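Here is the structure we will look at, set down as structure tokens.
The values are calculated or read from the model by the stated rules, or taken from the named source; none is laboratory data. These figures come from a predicted structure and were not determined experimentally. Using ideal geometry, Cβ is built from the backbone for each residue, glycine included, and neighbour counts are taken over all protein chains shown.
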């Protein structure tokens, strides 16, 4: 009896292993590592939704290389520790590529795990440090902080002629990176920085820092952090009667910024790559239409579209190389020139940096719509 | 000078919120010798419940005194009920158990509430409408203060004075003080200890609910995990003032808010939290039972 049971058990294990390996050959697994809950949930869910939409569209057309695509999502909450756990989980699940994460900090924490296991990764993280390792697995689908910093500095000094500049960031690797890069770029143009400070994200009460800045009479307050703090900073700035302009870096470009700032949102300047609705490309319009049709709302921001471009480039790579060998795909992507993306032509440098990128300054109007004031 | 006064207002506003939350910690500790870690999450829950009540029952855009008052009263009642439920389910069965079991139960209750908020309202930030309170702003010699700030400071002060009178002048207050000194002796004197503890949870939770609504109205963005941050600060405030001591919690909260504002205003915002905790350590070295812990012999 015992022996028979054992036999049965081994045969079950053997068949299930066989089924598993058959399954594995039939599908290509794509991982999503994004902050699906937590402070940046709004962005994370949008990225997750976007990837699922594109994958469903590919599957409806027969998949890639005759194989179906499967999405495996992991919630990193925008936290580095959780990101490391997600990286292990997705690698163990056998994904070929990972889309994400949204924040640079969470991306950086997972990067090495993907590199060591030969898993491709594409992220919208803009921290310059993301490409410094020159991992062959990593592809940035957005543009680095230093590019945005140069644009911001030029806008401040040459266009707006600000004489007294206050700069605030939070402690995240992205926001400090962007603020430091902006300080560097401003110094090159002889900009006068009167204040450079940090706030703790999520603290909600920024009146103490703002009161200190008020005593320094700034022309402009620049915030390089995320929208959930940016909206409150703007509201409290107006509340305290600080007359300076408020300029937010790219991560302030989110509908929640306007909601938090309320009536104070009007007159805020935001610096980012073009917003989804003004992208001139047909594929962009089609993607937005499909997304709206499926989820009943627009993607949270441009970051979803940038990540989708990363995904599309990788899928294109699989098709062109007719292979699921990540090294081969990576080599192909590094030679890719001007692949038509949703957010513009895609070209990757050898360190995984995406080349190009045009920034714009928007002024938030009374109805929370954007007006392009400088590009 | 106006900058100093402005920082004073900034500090008093957030300090009043800490004080309101700290009262919940300190009253429970005073009577039960238990740190109610779930208290911060009740504060977060009240912000979410209040927002839903406002939007669903009264409808967005209405901001008459009656509506605002009803939102406060209904929310406080709901949170008080949840507080009593919490005591019934998570703490009463463990009243005679070792102290550690109760602490673990409190941490568990905190997670249950926090995750329930996330499951009911979702992980995204919810945003309070901006017109619940009038957006009046006064400027006096360069010092700016808003209607909301005045309300926060005024109502918190009123509630704290009311609580002080209740504890010191009423029969129930006397029973609470007696239970805090010695539960068994209080029982022998014919005090219904269960009722005293229930009262403590009702008052503490209701005060926390008022703080939660103020947080929502003043800072507008609320997240399911925000209770942790306010809870931690209020807990520190309670210890600073002398845990178990009601005027101590009020003083601790206000001092904590002021320290934070002054340090970020005059030294560095990066170091505000570090310095605050250094200060806490210094206070505890010189006065191990907190600022007011020794001068008043009776707890609560």
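Here are a few things to note about the model shown:
- Being within 11 Å of chain B (Cβ to nearest Cβ) and assigned to a helix (DSSP H, G or I) is a property that residue A:208 has.
- Failed condition for residue A:362, given (1) outside any loop (DSSP other than H, G, I, E, B); (2) farther than 21 Å from residue A:64 by Cβ; (3) without any contact (Cβ under 8 Å) to a residue 24 or more places away in the chain: (3)
- Odd one out for residue A:339, checked against (1) out of contact with any helix residue (DSSP H, G or I) (no Cβ under 7 Å at 6 or more places or on another chain); (2) surrounded by fewer than 18 Cβ atoms within 10 Å (Cβ to Cβ); (3) within 26 Å of residue A:150 (Cβ to Cβ): (1)
- Tally of residues being within 11 Å of chain B (Cβ to nearest Cβ) and more than 15 Å from residue B:135 (Cβ to Cβ) across the stretch A:234-246: 1
- Filter pass, residue A:230 being buried (at least 24 other Cβ atoms within 10 Å of the Cβ) and more than 9 Å from chain B (Cβ to nearest Cβ): yes
- Failed item, numbered, when residue A:203 is tested on (1) at the interface with chain B (Cβ under 7 Å from one of its Cβ atoms); (2) out of contact with any strand residue (DSSP E or B) (no Cβ under 9 Å at 6 or more places or on another chain); (3) in a loop (DSSP other than H, G, I, E, B): (1)
- Considering residues of the stretch A:109-146 that are in contact with a strand residue (DSSP E or B) (Cβ under 9 Å, 6 or more places away or on another chain) and assigned to a helix (DSSP H, G or I) only, the residue nearest to residue A:327 (Cα to Cα): A:115
- Restricting attention to the stretch A:222-248, the residues that are free of Cβ contacts under 8 Å to residues at least 60 places away in the same chain and under 14 Å from residue A:170 (Cβ atoms) total 9.
- Condition met for residue A:208 (under 30 Å from residue B:129 (Cα atoms), surrounded by 17 or more Cβ atoms within 10 Å (Cβ to Cβ) and touching a helix residue (DSSP H, G or I) at 6+ places or on another chain (Cβ under 7 Å)): yes
- Members of the stretch A:141-155 found to be under 22 Å from residue A:185 (Cα atoms) and buried (at least 24 other Cβ atoms within 10 Å of the Cβ), listed by number: A:142, A:145, A:148, A:149, A:152
- Extreme residue, surrounded by the most Cβ atoms within 10 Å (Cβ to Cβ), among residues of the stretch A:33-49 that are under 23 Å from residue B:229 (Cβ atoms) and touching a helix residue (DSSP H, G or I) at 6+ places or on another chain (Cβ under 8 Å): A:40
- Of all residues in the stretch A:211-222, those satisfying the criterion of being away from chain B (no Cβ under 13 Å) and surrounded by 22 or more Cβ atoms within 10 Å (Cβ to Cβ) are A:218, A:221, A:222.
- Every condition in (1) within 14 Å of another protein chain (Cβ to nearest Cβ); (2) in contact with a helix residue (DSSP H, G or I) (Cβ under 8 Å, 6 or more places away or on another chain); (3) at pLDDT below 95 holds for residue B:44 except the one numbered (3).
- Here the condition is being under 23 Å from residue B:72 (Cα atoms), within 12 Å of chain A (Cβ to nearest Cβ) and at pLDDT 90 or above; of B:216, B:204, B:212, B:231, it holds for B:216 alone.
- Which numbered condition residue B:119 misses (of (1) in contact with a helix residue (DSSP H, G or I) (Cβ under 9 Å, 6 or more places away or on another chain); (2) within 14 Å of chain A (Cβ to nearest Cβ)): (1)
- Residues considered: B:134, B:129. Of these, the only one that is part of a loop (DSSP other than H, G, I, E, B), at pLDDT below 95, at the interface with chain A (Cβ under 9 Å from one of its Cβ atoms) and over 20 Å from the mean Cα position of the chain (by Cα) is B:129.
- Qualifying residue in the stretch A:74-84 (condition: over 17 Å from residue A:308 (Cα atoms), assigned to a strand (DSSP E or B) and away from chain B (no Cβ under 14 Å)): no
- Test: residue in the stretch A:247-264 that is touching a strand residue (DSSP E or B) at 6+ places or on another chain (Cβ under 8 Å), in a loop (DSSP other than H, G, I, E, B), at pLDDT 90 or above and within 14 Å of chain B (Cβ to nearest Cβ): no
- Residue A:100 being touching a helix residue (DSSP H, G or I) at 6+ places or on another chain (Cβ under 8 Å) and within 24 Å of residue A:254 (Cα to Cα): yes
- Applying the criterion of being part of a loop (DSSP other than H, G, I, E, B), within 20 Å of residue B:122 (Cβ to Cβ) and more than 13 Å from the chain's Cα centre (by Cα) to the residues of the stretch A:37-61, the residue that is nearest to the other protein chains (Cβ to nearest Cβ) is A:37.
- Some residue of the stretch A:159-168 being assigned to a helix (DSSP H, G or I), surrounded by fewer than 23 Cβ atoms within 10 Å (Cβ to Cβ) and at pLDDT below 95: yes
- Failed item, numbered, when residue B:255 is tested on (1) in contact with a strand residue (DSSP E or B) (Cβ under 8 Å, 6 or more places away or on another chain); (2) surrounded by fewer than 24 Cβ atoms within 10 Å (Cβ to Cβ); (3) touching a residue at least 60 places away in the same chain (Cβ under 8 Å): (1)
- Residue that is nearest to the other protein chains (Cβ to nearest Cβ), among those in the stretch B:219-228 that are buried (at least 24 other Cβ atoms within 10 Å of the Cβ) and within 14 Å of the chain's Cα centre (by Cα): B:226
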